[in-house]
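The values are calculated or read from the model by the stated rules, or taken from the named source; none is laboratory data. Keep in mind the model is a prediction, meaning the values are calculated, not measured. Don't worry about glycine lacking a Cβ; one is built from the backbone with ideal geometry, like all the others, and counts go over all protein chains shown.
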Amino acid sequence: MEELRQATNNFDMDNTIGHGSHGTVYTGLIKDMPVVIKREWCSPQPRFLDEVSYIQHKNLVNLLGYCCDDENQSLVFEYMVNGSVRDYLESSDLTFKKRISIALDAAKGLLHLHNLDPPVQHKRFTASKVLLDANLNAKVSDGAMLGLLQASDIHLANPRGGSEETIDVYSFGLFLLELITCQNPGLLQSDYEVLQWISPRLFTNTFWDKNIPAETFTRPSFQAYLIITSECLEYPPINRPKMDVVVTELETIYLNVISENHEVSLGSELFNITIE
Ligand SMILES: Nc1ncnc2c1ncn2[C@@H]1O[C@H](COP(=O)(O)OP(=O)(O)OP(=O)(O)O)[C@@H](O)[C@H]1O
């Protein structure tokens, strides 16, 4: 704990980079390495590290250490210098290709969690849980953490398969929407509101983020992107694809975007997609 106090100048407000519902997020240097320290006000879970330290993947934000005192537990993560996709989208003109690459990275991170034995569901996947490194590679944060911090049993927190997996896929569909609209559909209260939000935009010029350079779009790729998005948002949930299918689809779209080099005029086509 002393090392963390030194790294954050005794958890000084100047070292704060964010606030989540579970606590405050600080930056600091440990042995000259920039790190992020999440100080959470939950009951300490001594076996926490044992359970999550084995979850490592290049598309998950790595947990580097853990420490708990009487009131707080501090989680040390690698520092993702470009912050969350939600914040980054506000101030960027990312190409369509780059947005797909970010989606693909995030999908691979979620797929890794779902493929664990027993499977782990993220449960609170949003654009603020996808973080970007210096090269805009994306990693999913809080992979297995939230369930473990909230529940006392990993197996109860993360049951095999079942509906929770489809909730992650639904959340991923909302994330895909946010990536190309720069708007946060997660703020909408119900699935009905999400549908009401999407439908008129799909058939007008107001759907996509105007910061996406137009020449980076091609109609087939954009249409394929909307199709996989709509599949993730399907009802009933059983109809939603598994994350391995989502990864495969996004890989195909990504390769097609690389190979297509003709321009399309945005807004000149109506996309025949229905989301039910
Ligand atoms: N490893 C990290 N590297 C860089 N920035 C980070 C890192 N982890 C978190 N952040 C920043 O801190 C903010 C808060 O993160 P946190 O995960 O605590 O909350 P949240 O996802 O915004 O909300 P909540 O957890 O309540 O749903 C993030 O939006 C991000 O900007």
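Quick notes
- A single member of PHE175, PHE207 is modelled with pLDDT under 75 and either touching a Ser or Thr at 6+ places or on another chain (Cβ under 8 Å) or in a helix (DSSP H, G or I) (or both), and it is PHE207.
- Every residue from region 5-40 that is more than 7 Å from the ligand (Cβ to nearest atom), in a loop (DSSP other than H, G, I, E, B) and surrounded by fewer than 17 Cβ atoms within 10 Å (Cβ to Cβ): ASN9, ASN10, ASP12, LYS31, ASP32
- A search for C-beta distances below 8 Å between a residue of region 13-39 that is at pLDDT 90 or above and any residue that is within 8 Å of the ligand (Cβ to nearest atom) and among the acidic types (Asp, Glu), counting only pairs 6+ apart in sequence or on different chains, returns VAL35/GLU78; VAL36/GLU78.
- The requirement of being buried (at least 18 other Cβ atoms within 10 Å of the Cβ) and at pLDDT below 75 is satisfied by ILE198.
- Filtered residues of region 55-70 (kept if more than 13 Å from the ligand (Cβ to nearest atom) and within 18 Å of LEU113 (Cα to Cα)): ILE55, GLN56, HIS57, LYS58, ASN59
- For ALA224, the criteria (1) closer than 29 Å to LYS38 by Cα; (2) at pLDDT 90 or above; (3) not aromatic (Phe, Trp, Tyr) hold in every case but one, which is (1).
- If you go through region 48-73 and keep only what is at pLDDT below 75 and either in the same structural domain as SER141 (by the TED database) or in contact with a helix residue (DSSP H, G or I) (Cβ under 8 Å, 6 or more places away or on another chain) (or both), you end up with PHE48, GLU51, VAL52.
- Taken over region 71-111, residues that are among the aliphatic types (A, V, I, L, M) and away from the ligand (no atom under 16 Å from the Cβ) amount to 6.
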